[in-house]
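The values are calculated or read from the model by the stated rules, or taken from the named source; none is laboratory data. In this text, all values refer to a predicted model and were calculated from it rather than measured experimentally. Note that we place each Cβ from the backbone using ideal geometry, even for glycine, and neighbour counts take in every protein chain shown.
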Amino acid sequence: MRTPARPPVRLPAGGVRSRYNRRMPRALAYTPESPEVRHLRSADATLGALIARVGPVEQRLEDDPYSSLASAIVAQQLSDKAAATIWNRLVAALGGDPTPAHILAAEDATLRGAGLSGSKASFLRDLASRVADGSLDLAGVAALPDEDAIAALTTVKGIGRWTAEMFLIFSLGRPDVLAVDDGALRSAVAWLYRLGDEDGRAAIARIGEAWAPYRTCASLYLWQGHALRRSEGWEPPTPPTA
């Protein structure tokens with residue numbers, strides 16, 4: 001029995017494509033002179049101290065949206081090293097990149113033999129099927145506002161809000177994404193702002209209001225600060241007492 005076709009993602013009428021899909025950047029780059037950095041340093045002195053310590057930041061963007069989502073599924077709950085190993089095994093097993101056609105043609109044993117769990121194999125098949133039949137138009141997703149793009153991406157099995165938000169940042173270069181579910185981001189905010197037992201998600205949302213409309217830039221600096229703390233033991237200045 002043939003599976004009924006899924007309805008394609010529809011673009012909103014009137015001007016959205018030109019707003020969200022115009023001259024998509026190849027990298028996110030921030031310096032002290034960037035308007036995003038000037039805004040953040042003016043709006044939040046604590047974050048400003050971290051920005052001054054980190055310096056310029058540049059993040060290359062993924063240029064293949066399908067591969068970005070497929071690799072994100074493979075990498076779920078794995079270390080970077082383990083994820084890279086499984087991805088390379090998958091490429092070798094398929095005889096090339098894990099394109100939708102390759103994934104849909106592969107036997108389950110081939111996918112499992114590369115190190116994928118049964119659930120991840122099914123997630124990859126769902127993504128591949130949706131892209132192949134056009135029900136998930138990734139070029140169309142790139143033209144959607146953030147929340148609409150997240151809604152479209154999370155129709156895929158195995159892609160939740162966090163994965164969709166990472167796609168918006170690292171593939172689409174969206175400027176105002178704040179992933180409150182990201183563990184490293186919560187850890188960085190709790191450390192930088194000395195939050196103690198305060199709920200991390202609520203704290204990020206509350207503190208991050210001042211960072212809009214450049215919360216992606218703030219996130220990149222917080223991730224860099226988290227790495228600095230781990231590698232160099234850097235600590236932010238103690239805030240003055242009242």
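In the set ARG229, ARG161, only one residue is closer than 28 Å to SER117 by Cα and surrounded by fewer than 19 Cβ atoms within 10 Å (Cβ to Cβ); that residue is ARG161. On inspection, GLU235 fails the criterion of being surrounded by 14 or more Cβ atoms within 10 Å (Cβ to Cβ), out of contact with any strand residue (DSSP E or B) (no Cβ under 7 Å at 6 or more places or on another chain) and free of Cβ contacts under 8 Å to residues at least 24 places away in the same chain. Quick one: would you say ALA83 is assigned by TED's automatic domain parsing to the domain that holds LEU220, of a type in the set (Gly, Ala, Ser) and in contact with a helix residue (DSSP H, G or I) (Cβ under 9 Å, 6 or more places away or on another chain)? Considered against the rule, which asks whether it is assigned by TED's automatic domain parsing to the domain that holds LEU220, of a type in the set (Gly, Ala, Ser) and in contact with a helix residue (DSSP H, G or I) (Cβ under 9 Å, 6 or more places away or on another chain), ALA83 comes out as no. Taking the condition in a helix (DSSP H, G or I), outside the structural domain of VAL131 (by TED's automatic domain parsing) and either at negative phi or in contact (Cβ under 8 Å) with a residue 24 or more places away in the chain (or both), does ALA227 pass? Yes.
Okay, residues lined up against (1) under 19 Å from SER71 (Cα atoms); (2) not assigned by TED's automatic domain parsing to the domain that holds GLN76:
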residue	(1), (2)
ALA152	yes, no
THR155	yes, no
ALA164	yes, yes
ILE169	yes, yes
LEU185	no, yes
LEU195	no, yes
ARG201	no, yes
ARG206	no, yes
ALA210	no, yes
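In the set TYR30, TYR66, only one residue is crowded, with 17+ Cβ neighbours inside 10 Å, within 30 Å of ASP137 (Cα to Cα), aromatic (Phe, Trp, Tyr) and at pLDDT 95 or above; that residue is TYR66.
When ARG206, ARG174 are checked against the criterion of being touching a residue at least 40 places away in the same chain (Cβ under 8 Å) and among the basic types (Lys, Arg), a single residue qualifies: ARG174. Taking region 58-151 and the helices (runs of 4 or more DSSP H) fully enclosed by it, the elements with 1 or more residues that are basic (Lys, Arg) and either without any contact (Cβ under 8 Å) to a residue 40 or more places away in the chain or under 27 Å from TYR30 (Cα atoms) (or both) are at 80-94, 108-113, 118-133.
For region 93-100, the criterion of a residue being at pLDDT below 95 and under 15 Å from the mean Cα position of the chain (by Cα) is satisfied by no position. Counting only residues that are surrounded by 17 or more Cβ atoms within 10 Å (Cβ to Cβ) and outside any helix (DSSP H, G or I), region 177-194 holds 6 of them.
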